[in-house]
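Notes to accompany the following structure.
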Amino acid sequence: MKLKLLFFGFIFVMFLAITSPILAQADLYPIPSTIAPSPIEYALPYPGILSDHPLYFLKVLRDRILLFFTQDQVKKIQYKLLFADKRLVAGQLLFEQGKKDVAIDTITKGEKYLLDSAAEVAEMKRKDVPPGLTDKIELSAKKHEEVIKALSNVGNNADTEKRLSDALGLTHQAFAQIAQFKQK
């Protein structure tokens, strides 16, 4: 019994090691987009499999496990920011494929990760926040705002516009959290 448990534990750890996100490789894969290039210089990461893929639940499970076992608060904030950026790009790609409902759900979940990362920074003491983290979150939020506004300008129905506006509201809440932290 112990041998089986050890074997499955080893397989699980290997699965996490193989599929874990690589933070330094954000620009390896160019992301095709019909939206005009942006003036905001912030590299969005490659999203991997999209939320309409049958094995997407494994990616979500991996992300949750990674966040659960991450003890360092700064590392957890960085992971949430990475997940937010990946979901934004995934939503953008799904939107361009015509899967607007799935795309907006994915974008909204990403914006919740962005808001969580901003809220966790706002709760930290100023001395515990590494330099540049708040600026990175703020720049990411600006990029999120730009992408969501570009998606909402593509001629959508009223329901799609409202849902994108709600996602944009989460981005604005993240802006407010970061602004509140910077004023302390």
* Asked: Around SER117, what is the net charge, scoring Lys/Arg as +1 and Asp/Glu as -1 over all other residues with Cβ under 12 Å from its Cβ?
  -> -1
* Asked: With r defined as the distance between the Cβ atoms of VAL60 and GLN97 and R0 fixed at 25 Å, what FRET efficiency is calculated, to the nearest 0.05?
  -> 0.80
* Structure fact -> Simple SL model, points at 7 angstrom along Cα→Cβ for ASP128 and GLN183; separation in nm is 2.2 nm
* Structure fact -> Summing +1 per Lys or Arg and -1 per Asp or Glu among the other residues with Cβ less than 13 Å from ILE65's Cβ gives +3
* Structure fact -> Once both label points are put 7 Å beyond Cα along the C-beta direction, the ASP135-ILE49 separation in nm becomes 3.8 nm
* If you place +1 on the Cβ of every Lys and Arg, -1 on the Cβ of every Asp and Glu, and leave all else neutral, what size is the dipole of the stretch 67-184 about its Cα centre, to the nearest 20 Debye? -> 340 debye
* Asked: Label points 7 Å out from Cα along the Cβ direction at VAL154 and TYR42: separation in nm?
  -> 1.9 nm
* **Net charge, ILE49 excluded, C-beta distance under 15 Å - Lys, Arg +1, Asp, Glu -1** => +4
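All of the numbers you see were taken from the coordinates with simple rules; none came from a lab. Just so it is clear, the structure is predicted and the values come from calculations on it, not from any experiment. In this analysis, Cβ positions are derived from the backbone assuming ideal geometry, glycine residues included, and neighbour counts consider all displayed protein chains.
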